[in-house]
Amino acid sequence: MSRAPGASRAISQEPAAAGKRPESEELGGWLTDYLEHLRVERGLAARSVAAYRADLVAFATWCRSERIEPLGVAPSELRRYLDAEARIGLTSRSRARGMSALRGFYRFVVRCGRVEVDPTELLQVREGRRRLPAPLSYDEVDRLLAQPDTTDPGGVRDRALLEVAYGSGLRVSELVGLRLADIDLDDGFLRCRGKGSKQRLVPLSDEAVTWLRCYRDEHRAAIGPSATEDHTFLGRRGKPLSRQWVGKLVKRYAIAAGIASERVSPHVLRHSFATHLLEGDADLRAVQAMLGHARIVTTEVYTHVDRSRLRQVYDRYHPRA
């Protein structure tokens, strides 16, 4: 089936039912074992596991159509598959993610002794240029954070949420998953559970501490009273906020601040957090730790300091400028 240019593969969010046959007979029980390895041993989120499953099933389907044994595939056949993915319009990032799924799967079956040689070892996929969102200016951040009506309990919650999103650079999933026990207002830190259930400590800004304390001590119970719910940010019924709800909240306040809504999202706040730190000459490794990136190259995408600032730094410090 053909895809439009720029398409990405649809991902089912439904977990495999217990007792069902493996999603792909070509990969046999190894696919089920690998997905279980991702869930249990690597601690990947359900959404990530679903993405890996979709990529591997797509590969197995292609192998079936080409009469190729997936567990005996040659590197040249893998290259043919990647070329076929490009021809049907799959984006470069989706193809790179698919290659990551294949690499992980073949490394797993090599370790388990099912195959002797990893066919992905010498293959490389060009991800293409990653498009980055434009960070907000300092003035835009100030205007955005000032929008919630802090005479209302919901507005205090929203102000605290926005201060944490920008002041600590959390992913939206980390933000909605933040628990009261994760926050140390006295020392000004929070414990964040990131991708793969990895934990990290992230500093809180003074403003975030102030608004979190106000929200927690004076207004949280009025928004969503619950004796058992320990998530920090609650909705009207006392349930944790969803990622979608937070996304809409950020855009609503952006419009109120006179900022185009398409320019603002929870990820843009995270991006602005990292960009503003690096513009202030923060150490790249420290920013990597605060963002929770496993690899430094992932953090380096935030170093896209504008050319005019680079020119100013060069002119000021280089002896030949």
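Couple of notes before you dig in:
- Selection over the range 174-199 of residues that are part of a strand (DSSP E or B) and among the acidic types (Asp, Glu) gives a count of 1.
- Filtered residues of the range 261-279 (kept if closer than 17 Å to residue 204 by Cα and of a type in the set (Gly, Ala, Ser)): 272, 274
- The requirement of being open to solvent by less than 20 Å² (accessible area, probe 1.4 Å), farther than 30 Å from residue 214 by Cβ and outside any helix (DSSP H, G or I) is fulfilled nowhere in the range 124-144; no residue meets it.
- Subset of the range 249-280 (residues that are in a helix (DSSP H, G or I), in contact (Cβ under 8 Å) with a residue 60 or more places away in the chain, open to solvent by 50 Å² or more (accessible area, probe 1.4 Å) and not hydrophobic (A, V, I, L, M, F, W, C)): 263, 267
- Within the option set 208, 222, being open to solvent by 20 Å² or more (accessible area, probe 1.4 Å), touching a helix residue (DSSP H, G or I) at 6+ places or on another chain (Cβ under 6 Å) and either of a type outside the set (S, T, N, Q) or not in a helix (DSSP H, G or I) (or both) holds for one residue only, 222.
- The residues in the range 149-162 that are open to solvent by less than 10 Å² (accessible area, probe 1.4 Å) and either of a type in the set (Asp, Glu) or outside any helix (DSSP H, G or I) (or both) can be counted, and the count is 1.
- Only one of the listed residues (137, 94) is touching a residue at least 12 places away in the same chain (Cβ under 8 Å) and of a type in the set (Ser, Thr, Tyr). That residue is 94.
- Between 202, 246, the distinction of being in a helix (DSSP H, G or I) and either surrounded by 18 or more Cβ atoms within 10 Å (Cβ to Cβ) or modelled with pLDDT of 90 or more (or both) belongs to 246 only.
- Unique match (being surrounded by 16 or more Cβ atoms within 10 Å (Cβ to Cβ) and assigned to a helix (DSSP H, G or I)) among 80, 107, 97: 97
The values are calculated or read from the model by the stated rules, or taken from the named source; none is laboratory data. Note that this is a predicted model, so its numbers are computed, not measured. No Cβ is skipped: glycine too gets one built from the backbone with ideal geometry, and neighbour counts run over all protein chains shown. In case anyone asks, the SASA skips ligands and DNA or RNA and just uses the protein heavy atoms, side chains included. Shrake-Rupley method; radii C 1.70, N 1.55, O 1.52, S 1.80 Å.
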